Amino acid sequence: MMPVSAAPVGVRHLEVTADHAGQRLDNYLSRELKGAPKSLIYRIVRKGEVRLNGGRVRPDYRLRGGDVVRIPPVRLAEEAPPFQPSPTLAERLRAAVLYEDREVLVLDKPAGLAVHGGSGLSHGVIEALRAARPRAFLELAHRLDRETSGCLMVAKTPAALRRIHEAFRTGRVEKRYLALLRGYWNHGPREVNLPLRRRVLRGGERMVEVLDDGKPSRTRFRPVSLGKLASLLEADTVTGRTHQIRVHAAHVEHPVAGDEKYGDAAFNRMMAERCGLRRLFLHAHSLSLPLGGRDLAVDAPLDAELKDVLDRLRLVGGMES
(Lines give C-alpha, C1' and ligand atoms only; values in the text may rest on other atoms or scores of the structure.)
Protein backbone atom coordinates (compact mmCIF):
# COMPACT_ATOMS: atom_id res chain seq x y z
CA MET A 1 0.00 0.00 0.00
CA MET A 2 1.46 3.36 -0.98
CA PRO A 3 0.35 7.01 -0.99
CA VAL A 4 -0.77 8.08 -4.46
CA SER A 5 -1.90 11.69 -4.07
CA ALA A 6 -1.51 14.77 -1.94
CA ALA A 7 -4.22 15.14 0.68
CA PRO A 8 -5.30 17.45 3.50
CA VAL A 9 -3.51 16.89 6.78
CA GLY A 10 -4.75 13.70 8.39
CA VAL A 11 -6.43 12.30 5.26
CA ARG A 12 -4.67 9.48 3.44
CA HIS A 13 -5.21 8.01 -0.01
CA LEU A 14 -3.63 4.58 -0.25
CA GLU A 15 -3.29 2.32 -3.27
CA VAL A 16 -3.81 -1.38 -2.66
CA THR A 17 -0.92 -3.47 -3.92
CA ALA A 18 -1.28 -6.98 -5.36
CA ASP A 19 -0.08 -8.50 -2.08
CA HIS A 20 -3.21 -7.22 -0.30
CA ALA A 21 -5.75 -7.98 -3.02
CA GLY A 22 -8.57 -10.14 -1.70
CA GLN A 23 -8.49 -8.69 1.83
CA ARG A 24 -11.74 -7.33 3.27
CA LEU A 25 -11.90 -3.57 3.60
CA ASP A 26 -12.75 -3.68 7.32
CA ASN A 27 -9.71 -5.86 8.04
CA TYR A 28 -7.50 -3.57 5.95
CA LEU A 29 -8.75 -0.56 7.90
CA SER A 30 -8.12 -2.33 11.21
CA ARG A 31 -4.46 -2.65 10.26
CA GLU A 32 -4.18 0.95 9.06
CA LEU A 33 -6.07 2.42 12.04
CA LYS A 34 -4.27 0.72 14.89
CA GLY A 35 -6.36 0.61 18.05
CA ALA A 36 -9.61 1.66 16.38
CA PRO A 37 -12.55 -0.52 17.50
CA LYS A 38 -14.54 -2.32 14.84
CA SER A 39 -17.62 -0.25 15.71
CA LEU A 40 -15.74 2.92 14.76
CA ILE A 41 -14.50 1.40 11.52
CA TYR A 42 -18.00 0.31 10.51
CA ARG A 43 -19.34 3.78 11.38
CA ILE A 44 -16.88 5.73 9.22
CA VAL A 45 -17.50 3.33 6.32
CA ARG A 46 -21.28 3.61 6.71
CA LYS A 47 -21.12 7.43 6.84
CA GLY A 48 -19.08 7.53 3.64
CA GLU A 49 -15.94 8.95 5.26
CA VAL A 50 -14.04 6.00 3.84
CA ARG A 51 -14.11 6.01 0.04
CA LEU A 52 -13.00 3.48 -2.52
CA ASN A 53 -11.97 4.87 -5.89
CA GLY A 54 -13.99 7.98 -4.98
CA GLY A 55 -17.23 6.19 -4.12
CA ARG A 56 -18.97 4.63 -1.16
CA VAL A 57 -18.25 1.00 -0.31
CA ARG A 58 -19.34 -1.78 2.02
CA PRO A 59 -17.06 -2.95 4.85
CA ASP A 60 -17.00 -6.52 3.47
CA TYR A 61 -15.76 -5.41 0.02
CA ARG A 62 -12.81 -7.50 -1.18
CA LEU A 63 -9.98 -5.19 -2.19
CA ARG A 64 -8.36 -5.41 -5.62
CA GLY A 65 -4.91 -4.42 -6.71
CA GLY A 66 -4.92 -0.77 -7.78
CA ASP A 67 -7.93 0.23 -5.66
CA VAL A 68 -7.46 3.62 -3.97
CA VAL A 69 -8.80 3.86 -0.42
CA ARG A 70 -9.49 7.22 1.21
CA ILE A 71 -8.92 6.98 4.97
CA PRO A 72 -10.13 9.93 7.06
CA PRO A 73 -8.34 11.19 10.17
CA VAL A 74 -9.54 9.22 13.19
CA ARG A 75 -9.18 10.46 16.73
CA LEU A 76 -9.31 7.82 19.44
CA ALA A 77 -10.42 8.79 22.92
CA GLU A 78 -7.24 7.27 24.23
CA GLU A 79 -4.80 4.76 22.89
CA ALA A 80 -6.05 1.37 23.92
CA PRO A 81 -3.48 -1.09 25.22
CA PRO A 82 -2.75 -3.88 22.76
CA PHE A 83 -5.10 -6.81 23.18
CA GLN A 84 -3.58 -9.79 24.96
CA PRO A 85 -5.58 -13.03 25.12
CA SER A 86 -5.96 -14.62 28.51
CA PRO A 87 -3.79 -17.67 29.17
CA THR A 88 -6.93 -19.79 29.03
CA LEU A 89 -7.96 -18.48 25.61
CA ALA A 90 -4.42 -18.75 24.26
CA GLU A 91 -4.20 -22.37 25.38
CA ARG A 92 -7.64 -23.18 23.91
CA LEU A 93 -6.52 -21.90 20.53
CA ARG A 94 -3.20 -23.76 20.68
CA ALA A 95 -5.05 -26.97 21.47
CA ALA A 96 -7.55 -26.29 18.65
CA VAL A 97 -4.97 -26.36 15.84
CA LEU A 98 -5.87 -29.15 13.42
CA TYR A 99 -3.35 -28.43 10.68
CA GLU A 100 -0.65 -25.85 9.93
CA ASP A 101 1.92 -25.25 7.22
CA ARG A 102 3.66 -22.18 5.81
CA GLU A 103 0.48 -21.08 3.96
CA VAL A 104 -2.50 -21.88 6.17
CA LEU A 105 -3.63 -22.60 9.70
CA VAL A 106 -6.81 -24.62 10.35
CA LEU A 107 -8.46 -24.54 13.77
CA ASP A 108 -11.28 -26.50 15.34
CA LYS A 109 -13.02 -23.30 16.47
CA PRO A 110 -14.75 -23.71 19.83
CA ALA A 111 -18.48 -22.97 20.00
CA GLY A 112 -19.28 -19.61 21.56
CA LEU A 113 -16.10 -17.91 20.34
CA ALA A 114 -16.50 -15.29 17.59
CA VAL A 115 -14.12 -15.41 14.66
CA HIS A 116 -13.46 -11.65 14.98
CA GLY A 117 -14.37 -8.67 17.13
CA GLY A 118 -17.34 -6.43 16.38
CA SER A 119 -21.02 -6.07 17.35
CA GLY A 120 -20.07 -5.38 20.95
CA LEU A 121 -17.18 -7.86 21.05
CA SER A 122 -13.67 -6.49 21.50
CA HIS A 123 -11.95 -9.52 20.03
CA GLY A 124 -12.31 -12.97 18.55
CA VAL A 125 -10.18 -15.78 17.16
CA ILE A 126 -8.26 -13.66 14.67
CA GLU A 127 -7.36 -10.93 17.18
CA ALA A 128 -6.14 -13.56 19.65
CA LEU A 129 -4.01 -15.24 16.97
CA ARG A 130 -2.49 -11.93 15.91
CA ALA A 131 -1.67 -11.05 19.50
CA ALA A 132 0.09 -14.39 19.91
CA ARG A 133 1.96 -13.97 16.59
CA PRO A 134 2.43 -10.20 16.22
CA ARG A 135 4.80 -10.39 13.22
CA ALA A 136 2.77 -12.89 11.21
CA PHE A 137 0.37 -12.24 8.35
CA LEU A 138 -2.93 -13.75 9.51
CA GLU A 139 -6.27 -13.26 7.75
CA LEU A 140 -9.54 -15.17 8.03
CA ALA A 141 -10.13 -17.13 4.83
CA HIS A 142 -13.84 -17.58 5.63
CA ARG A 143 -16.17 -17.33 8.62
CA LEU A 144 -18.22 -19.42 11.01
CA ASP A 145 -21.10 -18.28 13.19
CA ARG A 146 -20.10 -17.61 16.77
CA GLU A 147 -22.24 -20.52 17.99
CA THR A 148 -20.88 -22.97 15.39
CA SER A 149 -17.80 -25.11 16.07
CA GLY A 150 -15.40 -26.76 13.66
CA CYS A 151 -12.98 -26.15 10.81
CA LEU A 152 -11.88 -22.53 10.43
CA MET A 153 -9.10 -21.67 7.98
CA VAL A 154 -6.69 -18.74 8.40
CA ALA A 155 -4.35 -17.65 5.60
CA LYS A 156 -0.71 -17.02 6.55
CA THR A 157 0.36 -15.30 3.31
CA PRO A 158 -1.39 -12.86 0.94
CA ALA A 159 -0.89 -15.31 -1.93
CA ALA A 160 -2.62 -18.11 0.00
CA LEU A 161 -5.51 -15.77 0.84
CA ARG A 162 -5.99 -14.93 -2.84
CA ARG A 163 -5.93 -18.61 -3.85
CA ILE A 164 -8.44 -19.58 -1.16
CA HIS A 165 -10.82 -16.78 -2.16
CA GLU A 166 -10.52 -17.84 -5.79
CA ALA A 167 -11.36 -21.43 -4.79
CA PHE A 168 -14.47 -20.16 -2.98
CA ARG A 169 -15.53 -18.02 -5.96
CA THR A 170 -15.18 -20.93 -8.38
CA GLY A 171 -17.00 -23.43 -6.16
CA ARG A 172 -13.98 -25.65 -5.48
CA VAL A 173 -14.22 -25.51 -1.68
CA GLU A 174 -16.18 -28.23 0.07
CA LYS A 175 -17.39 -27.51 3.61
CA ARG A 176 -19.46 -30.16 5.35
CA TYR A 177 -21.33 -29.76 8.62
CA LEU A 178 -23.00 -32.11 11.07
CA ALA A 179 -26.31 -30.79 12.37
CA LEU A 180 -28.79 -32.30 14.80
CA LEU A 181 -32.29 -31.40 13.62
CA ARG A 182 -35.66 -31.63 15.35
CA GLY A 183 -37.77 -34.69 14.65
CA TYR A 184 -37.59 -37.58 12.22
CA TRP A 185 -36.13 -36.52 8.85
CA ASN A 186 -38.13 -38.40 6.23
CA HIS A 187 -36.94 -36.49 3.15
CA GLY A 188 -33.89 -38.61 2.33
CA PRO A 189 -31.08 -36.66 0.62
CA ARG A 190 -32.56 -33.25 -0.15
CA GLU A 191 -31.37 -29.93 -1.53
CA VAL A 192 -33.05 -26.84 -0.11
CA ASN A 193 -32.94 -24.03 -2.66
CA LEU A 194 -34.41 -20.90 -1.07
CA PRO A 195 -33.21 -17.27 -1.42
CA LEU A 196 -32.02 -15.58 1.76
CA ARG A 197 -31.85 -11.93 2.72
CA ARG A 198 -29.98 -10.56 5.72
CA ARG A 199 -31.08 -7.59 7.76
CA VAL A 200 -29.55 -5.93 10.78
CA LEU A 201 -31.85 -5.00 13.65
CA ARG A 202 -31.55 -1.75 15.55
CA GLY A 203 -29.45 -3.35 18.28
CA GLY A 204 -26.98 -4.68 15.71
CA GLU A 205 -28.32 -8.25 15.73
CA ARG A 206 -28.27 -9.98 12.36
CA MET A 207 -31.36 -11.86 11.19
CA VAL A 208 -31.75 -13.83 7.97
CA GLU A 209 -35.07 -14.55 6.25
CA VAL A 210 -36.29 -16.60 3.30
CA LEU A 211 -37.49 -13.94 0.86
CA ASP A 212 -38.07 -13.98 -2.90
CA ASP A 213 -35.73 -11.02 -3.43
CA GLY A 214 -32.93 -12.56 -1.37
CA LYS A 215 -29.65 -13.99 -2.60
CA PRO A 216 -29.69 -17.49 -4.16
CA SER A 217 -28.89 -20.03 -1.44
CA ARG A 218 -28.57 -23.81 -1.66
CA THR A 219 -27.97 -26.36 1.10
CA ARG A 220 -27.72 -30.11 0.54
CA PHE A 221 -28.86 -32.29 3.46
CA ARG A 222 -28.00 -35.98 3.78
CA PRO A 223 -29.30 -38.19 6.63
CA VAL A 224 -26.66 -39.80 8.83
CA SER A 225 -28.74 -41.21 11.69
CA LEU A 226 -32.51 -40.91 12.16
CA GLY A 227 -34.65 -40.87 15.26
CA LYS A 228 -38.11 -39.82 16.44
CA LEU A 229 -36.87 -37.04 18.69
CA ALA A 230 -34.02 -35.79 16.51
CA SER A 231 -32.01 -36.69 13.41
CA LEU A 232 -28.34 -36.22 12.65
CA LEU A 233 -27.68 -34.89 9.16
CA GLU A 234 -24.70 -33.84 7.11
CA ALA A 235 -25.14 -30.46 5.44
CA ASP A 236 -23.15 -29.20 2.46
CA THR A 237 -23.37 -25.47 1.76
CA VAL A 238 -23.33 -24.96 -1.99
CA THR A 239 -23.53 -21.22 -1.25
CA GLY A 240 -22.08 -19.57 1.83
CA ARG A 241 -24.75 -17.23 3.19
CA THR A 242 -24.97 -16.02 6.78
CA HIS A 243 -26.89 -18.51 8.98
CA GLN A 244 -27.75 -20.49 5.84
CA ILE A 245 -28.02 -24.00 7.31
CA ARG A 246 -29.95 -22.78 10.34
CA VAL A 247 -32.51 -20.81 8.32
CA HIS A 248 -32.98 -23.50 5.67
CA ALA A 249 -33.41 -26.21 8.31
CA ALA A 250 -35.96 -24.14 10.23
CA HIS A 251 -37.87 -23.31 7.05
CA VAL A 252 -38.41 -27.01 6.25
CA GLU A 253 -39.64 -27.48 9.86
CA HIS A 254 -36.54 -29.26 11.18
CA PRO A 255 -34.71 -26.52 13.13
CA VAL A 256 -31.22 -27.13 14.46
CA ALA A 257 -31.08 -28.30 18.08
CA GLY A 258 -29.95 -25.54 20.44
CA ASP A 259 -30.64 -22.74 17.95
CA GLU A 260 -31.91 -19.83 20.05
CA LYS A 261 -32.37 -17.50 17.06
CA TYR A 262 -34.28 -19.61 14.52
CA GLY A 263 -35.09 -22.74 16.47
CA ASP A 264 -37.84 -24.24 18.63
CA ALA A 265 -37.61 -23.08 22.26
CA ALA A 266 -39.57 -26.04 23.65
CA PHE A 267 -37.44 -28.53 21.70
CA ASN A 268 -34.26 -26.80 22.90
CA ARG A 269 -35.40 -27.05 26.54
CA MET A 270 -36.17 -30.73 26.12
CA MET A 271 -32.77 -31.35 24.55
CA ALA A 272 -31.09 -29.56 27.45
CA GLU A 273 -33.04 -31.48 30.09
CA ARG A 274 -32.89 -34.94 28.52
CA CYS A 275 -29.57 -34.84 26.67
CA GLY A 276 -27.54 -32.09 28.31
CA LEU A 277 -27.31 -30.01 25.11
CA ARG A 278 -26.56 -26.41 26.06
CA ARG A 279 -25.24 -25.07 22.72
CA LEU A 280 -26.05 -25.08 19.04
CA PHE A 281 -25.53 -28.54 17.54
CA LEU A 282 -23.89 -27.39 14.33
CA HIS A 283 -20.31 -28.44 13.64
CA ALA A 284 -18.13 -27.86 10.56
CA HIS A 285 -16.59 -31.32 10.50
CA SER A 286 -14.62 -31.18 7.23
CA LEU A 287 -13.02 -28.68 4.87
CA SER A 288 -11.28 -29.43 1.57
CA LEU A 289 -9.99 -27.33 -1.32
CA PRO A 290 -7.19 -27.16 -3.90
CA LEU A 291 -4.32 -24.95 -2.73
CA GLY A 292 -1.16 -24.26 -4.69
CA GLY A 293 -1.18 -27.42 -6.78
CA ARG A 294 -2.20 -29.70 -3.92
CA ASP A 295 -5.45 -30.88 -2.39
CA LEU A 296 -5.88 -29.91 1.25
CA ALA A 297 -8.42 -31.79 3.38
CA VAL A 298 -8.92 -31.36 7.13
CA ASP A 299 -11.41 -33.06 9.48
CA ALA A 300 -12.62 -31.99 12.92
CA PRO A 301 -14.34 -34.80 14.89
CA LEU A 302 -17.30 -34.05 17.14
CA ASP A 303 -16.20 -33.06 20.63
CA ALA A 304 -17.08 -35.04 23.77
CA GLU A 305 -20.09 -32.83 24.56
CA LEU A 306 -21.81 -33.41 21.23
CA LYS A 307 -20.92 -37.12 21.19
CA ASP A 308 -22.50 -37.43 24.63
CA VAL A 309 -25.72 -35.87 23.30
CA LEU A 310 -25.87 -38.50 20.56
CA ASP A 311 -25.19 -41.27 23.07
CA ARG A 312 -28.00 -40.05 25.32
CA LEU A 313 -30.40 -39.90 22.41
CA ARG A 314 -29.68 -43.56 21.70
CA LEU A 315 -30.29 -44.39 25.38
CA VAL A 316 -33.69 -42.70 25.36
CA GLY A 317 -34.66 -44.42 22.14
CA GLY A 318 -34.32 -41.38 19.93
CA MET A 319 -31.53 -42.38 17.56
CA GLU A 320 -31.23 -45.46 15.44
CA SER A 321 -27.99 -46.22 13.63
Quick check on region 45-58. Is at least one of its residues in a helix (DSSP H, G or I), of a type in the set (D, E, K, R) and in contact with a Phe, Trp or Tyr (Cβ under 9 Å, 6 or more places away or on another chain)?
no
Taking region 227-270 only, how many residues are touching a Phe, Trp or Tyr at 6+ places or on another chain (Cβ under 9 Å) and under 17 Å from Thr148 (Cα atoms)?
19
Restricting to region 206-241, give me the number of residues that are among the polar types (S, T, N, Q), under 20 Å from the mean Cα position of the chain (by Cα) and either buried (at least 16 other Cβ atoms within 10 Å of the Cβ) or under 16 Å from His187 (Cα atoms) (or both).
3
Report yes if Ala266 is surrounded by fewer than 13 Cβ atoms within 10 Å (Cβ to Cβ) and either in contact with a strand residue (DSSP E or B) (Cβ under 7 Å, 6 or more places away or on another chain) or hydrophobic (A, V, I, L, M, F, W, C) (or both), otherwise no.
yes
Going through region 170-193 in order, the residues found to be at pLDDT 95 or above and of a type in the set (A, V, I, L, M, F, W, C) are Leu178, Ala179, Leu180, Leu181, Trp185, Val192
Of the residues Val106, Val97, which single one is at pLDDT 90 or above, outside the structural domain of Arg43 (by TED's automatic domain parsing) and either surrounded by 18 or more Cβ atoms within 10 Å (Cβ to Cβ) or within 16 Å of the chain's Cα centre (by Cα) (or both)?
Val106
Go through Leu232, Leu140 for me and flag whichever is in contact with a helix residue (DSSP H, G or I) (Cβ under 8 Å, 6 or more places away or on another chain) and outside the structural domain of Asp108 (by TED's automatic domain parsing).
Leu232
Any hit, region 176-198, residues being under 16 Å from the mean Cα position of the chain (by Cα), surrounded by 15 or more Cβ atoms within 10 Å (Cβ to Cβ), assigned by TED's automatic domain parsing to the domain that holds Glu103 and closer than 20 Å to Gly258 by Cα
no
What residue, among those in region 115-158 that are farther than 19 Å from Tyr28 by Cβ, modelled with pLDDT of 90 or more and part of a loop (DSSP other than H, G, I, E, B), is nearest to the chain's Cα centre (by Cα)?
Leu144
Among residues of region 147-189 being touching a residue at least 60 places away in the same chain (Cβ under 8 Å) and among the basic types (Lys, Arg), the residue nearest to Gly65 (Cα to Cα) is Arg162
Assess whether Ala249 counts as being of a type in the set (Gly, Ala, Ser), in contact with a helix residue (DSSP H, G or I) (Cβ under 7 Å, 6 or more places away or on another chain) and not assigned by TED's automatic domain parsing to the domain that holds Tyr42.
no
Among the residues of region 281-302, is any crowded, with 20+ Cβ neighbours inside 10 Å, of a type in the set (S, T, N, Q) and either at pLDDT 95 or above or touching a Cys at 6+ places or on another chain (Cβ under 8 Å) (or both)?
no
Any pair with Cβ under 7 angstrom, 6 or more apart, that starts in region 43-62 at a residue that is among the polar types (S, T, N, Q) and ends at one that is surrounded by 16 or more Cβ atoms within 10 Å (Cβ to Cβ) and part of a loop (DSSP other than H, G, I, E, B)
Asn53/Asp67
Pick from region 159-174 the residues that are assigned to a loop (DSSP other than H, G, I, E, B) and not basic (Lys, Arg): which of them is nearest to Glu103 (Cα to Cα)?
Val173
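The values are calculated or read from the model by the stated rules, or taken from the named source; none is laboratory data. Model, not experiment: these values are computed from the prediction. Don't worry about glycine lacking a Cβ; one is built from the backbone with ideal geometry, like all the others, and counts go over all protein chains shown.
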